[in-house]
Amino acid sequence: MGILHGAEMTLSYILHSIFRLIQIVLALAVCGLYGVDLNRADKEHKYSDGKWVYAEVTASLSAFLALLYLIPFTSRIPFAWVADTILFILWIALFGIFGKMYIHANAQGDSGIERMKNAVWVDLVNALLWLVSAVGMLIFWVRHRGARSRWTGRATV
């Protein structure tokens, strides 16, 4: 049981880490996609639209939390699935905001609109990843909530 259980834990941690790295990469991609417009507005001394700032904050929070989850045993914090659920809601709102603006827009060769149309789909993928994460973390929490110690089975962990 010991070696096999250790191999299962190692495999699950590797898969968990790969999943979190994908979340980090996609969140940073969104930072870049929306940051282009914010940088352009800053250089032209125009105001930063709140929608783009919201996108940057959501992506930054996602990257930070996914990075935090890479620290061993951080994902074992009770109710960590709540943070994942909140990020899922933030991503869905972001998808709704920009989806309404850009999904049906005709780019007609405008690279900026084409970039934003692509960003909308990256937003949706991020939302789905955080939904999977929230459900997975909830299942993990429910399964291990009343877990007993591995050695004697008497102590509640």
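Remark: pairs (first residue in the stretch 20-49, under 21 Å from L68 (Cβ atoms); second residue outside any helix (DSSP H, G or I); Cβ separation under 6 Å; 6+ apart in sequence or on different chains) = R20/L70. From the list D123, D84, the lone residue that is crowded, with 17+ Cβ neighbours inside 10 Å, modelled with pLDDT of 90 or more, within 24 Å of T10 (Cβ to Cβ) and within 16 Å of the chain's Cα centre (by Cα) is D84.
Test W91 against the stated conditions and say whether it is surrounded by 14 or more Cβ atoms within 10 Å (Cβ to Cβ), part of a helix (DSSP H, G or I) and modelled with pLDDT under 95. For W91, the condition - surrounded by 14 or more Cβ atoms within 10 Å (Cβ to Cβ), part of a helix (DSSP H, G or I) and modelled with pLDDT under 95 - is not met. With the condition kept exactly as written, say whether any residue in the stretch 43-56 is farther than 19 Å from W121 by Cα and assigned to a helix (DSSP H, G or I). The answer is yes; a qualifying residue exists. For P72, the conditions (1) in contact (Cβ under 8 Å) with a residue 40 or more places away in the chain; (2) in a helix (DSSP H, G or I) all hold with the exception of (2).
The values are calculated or read from the model by the stated rules, or taken from the named source; none is laboratory data. Small disclaimer: the values here were computed from a predicted structure and weren't measured. In this analysis, Cβ positions are derived from the backbone assuming ideal geometry, glycine residues included, and neighbour counts consider all displayed protein chains.
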